[in-house]
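Asks: Let me begin by handing over the structure; questions about it come next.
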Amino acid sequence: MTKTVQAETIVEMLQSVLTAQTNTIPLHEPSFQGNEWAYVKDCIDTGWVSSVGKYVNKFESMLEDYTGVKHAIAVVNGTAALHICLKLVGVERNDEVLVPALTFIATANAVSYCGAIPHFVDSCYDTLGLDPKKLDQYLQEIGEVRKDGYYNKMTGRRIKAVIPMHTFGHPVDLDPLLDICQRYYIEMVEDAAESLGSFYKGLHTGNWGKVAAVSFNGNKVITTGGGGAILTNCDELAKMAKHITTTAKKPHAWAFDHDQIAFNYRLPNINAALGCAQLEVLPEFIKQKRALTDIYANVIDPLQGVELFKEPSFAKSNYWLQVLLLDETYADKQEEILKLTNEKGIMTRPIWTPLHEISMYKDCPKMTLEVVGSLAKRIVNIPSSPGLAK
Ligand SMILES: *Cc1c(COP(=O)(O)O)cnc(C)c1O
């Protein structure tokens, strides 16, 4: 007889997979199995700990090799990377930027840092990310082309950019979105904070937008403690990115002269050292995370009323965070599952509170967000660290 989803069965299933674990099992913990200590110690031994040093350059070129993006510029965190990305594509005060309502708050905050306004977009069930088809229809209804871009007729503001976010590592359907960007003169900035190691149609995420942001926060696929990177295939934007994240200092052997008000956003060498060691083991992490998906799917998918979320057909995902997706009719189990798993020492959490429900963002323009509303009630993230697959 097939069992239906209950909080108790979920706990049983997770425990059967996570047998070797005795203490509380975190949602995602960093793993240092390689050269981390050697490289960090080298920074301290040589005194090169700050924002100049060989590990910053090495980390950037390793990122370029791994992602296939022409330029990587390492910065202090993913939010700062997003902030600079928006500036690079020309987002200005009072512009609107299309943002999925279902994302980490940093995506919208970066828009606010530019004095621009997030405009919330619905998600689709295949990717958990922004729905290009729905966006296309919506833009036709609400906007019009003017001489310097696409305008929202209701607010009178220019819609300058769109930020697809690859949720939990699962790539958004980017081809139709690129088509939209061309037709409506909108710039694409990829929020690839969660998708290092994820590929869309064979090409790494971060290659598709004009610019992209990655994060190396402590809970991400790899970590530098805190850190991020701007990715771009455009030589000129890469140069500008490096300049404005380095206080716009004019190159000179000793003089301090700057040509604009800019940012101190460069990644310190000591963090980059950690990043080099982590990038060396990233392919192994992803192998382990994908193996964990299969292990979880084996116990979860036979249950009625719930499934383990799988990558969309056009993508190869890093499976950063694993997702239990409850059927609509079992959405009322979400709270019980969260409560019981956490009580039993298995850390789980719901997806983010949709941004249009957060007080600072509740008055922002938005389309109807029924898929976001449904997903927010049905998702439970379960422990996803790479080491768990053993
Ligand atoms: C982690 C994350 C960020 C921000 O990265 P930080 O390095 O924490 O600043 C941005 N967007 C999304 C979707 C993220 O998950």
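The values are calculated or read from the model by the stated rules, or taken from the named source; none is laboratory data. Bear in mind the structure is a predicted one, so any value in this text is a computation, not a measurement. Here the Cβ is made from the backbone with ideal geometry for all residues, glycine too, and neighbour counts use every protein chain on show. What goes into the accessible areas is simple: the full protein's heavy atoms, side chains included, and nothing from ligands, DNA or RNA. Shrake-Rupley method; radii C 1.70, N 1.55, O 1.52, S 1.80 Å.
Asks: Here is a list: ILE295, ILE230, ILE270. Which entry is buried (at least 19 other Cβ atoms within 10 Å of the Cβ), modelled with pLDDT of 95 or more and in a helix (DSSP H, G or I)?
Replies: ILE270
Asks: Give me the residue from region 23-46 that is under 27 Å from ASP301 (Cβ atoms) and open to solvent by 50 Å² or more (accessible area, probe 1.4 Å) and, out of that set, modelled with the lowest pLDDT.
Replies: That would be THR24.
Asks: I want to confirm something. Restricting to region 47-77 and keeping residues that are more than 21 Å from ASP235 (Cα to Cα) and in a helix (DSSP H, G or I), which single residue is least open to solvent (accessible area, probe 1.4 Å)?
Replies: TYR55
Asks: Take PRO118 and tell me if it is in a loop (DSSP other than H, G, I, E, B), within 14 Å of the ligand (Cβ to nearest atom) and assigned by TED's automatic domain parsing to the domain that holds VAL211.
Replies: no
Asks: Same structure again: Within region 190-207, work out how many residues are part of a strand (DSSP E or B) and within 11 Å of the ligand (Cβ to nearest atom).
Replies: So the answer is 2.
Asks: Considering only residues that are open to solvent by 10 Å² or more (accessible area, probe 1.4 Å) and out of contact with any Lys or Arg (no Cβ under 9 Å at 6 or more places or on another chain), which ones fall in region 192-206?
Replies: Result: LYS201, LEU203.
Asks: Shifting gears a bit: Considering region 136-171 alone, what residues qualify as being assigned to a loop (DSSP other than H, G, I, E, B), over 20 Å from CYS364 (Cβ atoms) and within 15 Å of the ligand (Cβ to nearest atom)?
Replies: Once the filter is applied, which keeps residues that are assigned to a loop (DSSP other than H, G, I, E, B), over 20 Å from CYS364 (Cβ atoms) and within 15 Å of the ligand (Cβ to nearest atom), region 136-171 yields HIS166, HIS170, PRO171.
Asks: Pairs only if they're at least six apart or on different chains, beta carbon under 6 angstrom, first in region 292-312 and farther than 17 Å from ARG378 by Cβ, second assigned to a loop (DSSP other than H, G, I, E, B); list them, first residue then second.
Replies: Close Cβ pairs satisfying both conditions: THR293/TYR319; GLU311/HIS170; GLU311/SER317; PRO312/ASP126; PRO312/THR127.
Asks: Let me ask something else about it. Quickly run through region 208-225 and pick out the residues that are more than 8 Å from the ligand (Cβ to nearest atom) and open to solvent by less than 20 Å² (accessible area, probe 1.4 Å).
Replies: Those that are more than 8 Å from the ligand (Cβ to nearest atom) and open to solvent by less than 20 Å² (accessible area, probe 1.4 Å): GLY209, VAL211, ALA212, VAL214, VAL221, ILE222, THR223, THR224.
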